[in-house]
1. Taking the residues in region 22-34 that are of a type in the set (Ser, Thr, Tyr) and outside any strand (DSSP E or B) as candidates, determine which candidate is modelled with the lowest pLDDT.
2. For region 225-240, give me each residue that is out of contact with any strand residue (DSSP E or B) (no Cβ under 9 Å at 6 or more places or on another chain) and not in a helix (DSSP H, G or I).
3. Where the second residue is not β-branched (Val, Ile, Thr) and the first is free of Cβ contacts under 8 Å to residues at least 40 places away in the same chain and lies in region 144-166, which pairs have Cβ atoms under 8 Å and are six or more apart or on separate chains?
4. For the condition under 17 Å from the mean Cα position of the chain (by Cα), of a type in the set (A, V, I, L, M) and part of a loop (DSSP other than H, G, I, E, B), what is the one hit in Ala204, Ala217, Ala200?
5. Failed condition for Lys222, given (1) in contact with a strand residue (DSSP E or B) (Cβ under 6 Å, 6 or more places away or on another chain); (2) open to solvent by 20 Å² or more (accessible area, probe 1.4 Å); (3) over 23 Å from Trp55 (Cα atoms), with all others met?
6. Kindly list, by first and then second residue, each pair from a residue in region 183-211 that is within 26 Å of Ile165 (Cβ to Cβ) and in contact (Cβ under 8 Å) with a residue 60 or more places away in the chain to a residue that is part of a loop (DSSP other than H, G, I, E, B) and open to solvent by 40 Å² or more (accessible area, probe 1.4 Å), limited to pairs with Cβ atoms under 7 Å and residues at least 6 apart or on different chains.
7. Keeping to region 155-192, report how many residues are surrounded by 22 or more Cβ atoms within 10 Å (Cβ to Cβ) and part of a loop (DSSP other than H, G, I, E, B).
Amino acid sequence: MVSLWSYWRGGASNQKFDALGGAMSYASELTRRNPEAVLTGDGADTGTLRVDLTWRIRSNSDFGRSQRSWMDNWRHPLAVFKPAEIKGHSHGVANMDFDLACMYELSDGTRGVVQALGGLQGDFNESPYIKLSGDDRFGTGSGEHLYINLDNKDEFKRLLIFVYIYDGAPTFDRADVVVTLATPDGKNVEIGCTDPPPQARSCAVLLIEKEKDQLVARRQVKYVYGFQSEIDRLYGWGMSWGRGRK
């Protein structure tokens, strides 16, 4: 089915990388009942795996809005895809800054992180073969993207994609946040950051692991009340962390 979140995309990708998908693209979703997807295989063993972060702050009307009638939905089917206008928020909430990041462990044991904090943007053609592009502070179509070089997929042991709130109140529960994987063979796989607890500041969204000759993505959606160091402890990455700035 057409994904709700695909209507929120539409920004152009960095032209240095493959551009896949589009505003009307189809997507599958990883859920509790359907938690994993094989990312590599026929037509997807090389090229670029793109990871997109898209989000919007829900307005007060989203929480108290009555359900549209069946007839309204039938008459105006695309209306349900229209993002709600931001109303009734404080300045800090409306300008919350969600960031996309990736902890990686390579086959040679090298571990690290690709993130905006500390300028750790990564590298597409050299180790770790992961590149961060964009820093979307307003959830707009410009988006944030991670580009993973599948020409070097044998170098990856595990990749943990996570989202954290760099600035603003810890309000995952006031936002709709989605991470999308766009594979070289044209598949879009989405993971929504659903059911967040109040005050959560970070979410481990999905884990990509090498199994035999394939990369397999598994839904996580595990929240923590701190930042990278707590996610590290949760997954046993074993790295040292300090304060960082963009």
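The values are calculated or read from the model by the stated rules, or taken from the named source; none is laboratory data. Because the structure is a prediction, the values reported are computed rather than measured. For neighbour counting, all protein chains shown are included, and Cβ atoms are generated from backbone atoms with ideal geometry for every residue, glycine included. Surface areas here come from the heavy atoms of the whole protein model, side chains and all, with no ligands, DNA or RNA. Shrake-Rupley method; radii C 1.70, N 1.55, O 1.52, S 1.80 Å.
1. To start, the set of residues in region 22-34 that are of a type in the set (Ser, Thr, Tyr) comprises 25-26, 28, 31.
Add one more test, that the residue is outside any strand (DSSP E or B), and what stays is 25, 31.
Values: Ser25: 52, Thr31: 94.
That would be Ser25.
2. Gly236, Ser240
3. Cβ pairs passing all conditions: Asn152/Tyr129.
4. Numbers: Ala204 fails: part of a loop (DSSP other than H, G, I, E, B); Ala217 fails: part of a loop (DSSP other than H, G, I, E, B).
So the residue among Ala204, Ala217, Ala200 that is under 17 Å from the mean Cα position of the chain (by Cα), of a type in the set (A, V, I, L, M) and part of a loop (DSSP other than H, G, I, E, B) is Ala200.
5. Only one criterion is unmet by Lys222, namely (3).
6. Here the result reads Asn188/Gly21, each pair linking region 183-211 to a residue that is part of a loop (DSSP other than H, G, I, E, B) and open to solvent by 40 Å² or more (accessible area, probe 1.4 Å).
7. Residues that pass the stated criteria total 1.
Residue by residue, here is whether (1) under 20 Å from Ile208 (Cβ atoms); (2) open to solvent by 50 Å² or more (accessible area, probe 1.4 Å); (3) at pLDDT 90 or above holds:
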position	(1), (2), (3)
Leu78	no, yes, no
Glu85	no, yes, no
Gly88	no, yes, no
Met96	no, no, no
Asp108	yes, yes, yes
Val113	yes, no, yes
Gln121	yes, yes, yes
Asn125	yes, yes, yes
Arg137	no, yes, no
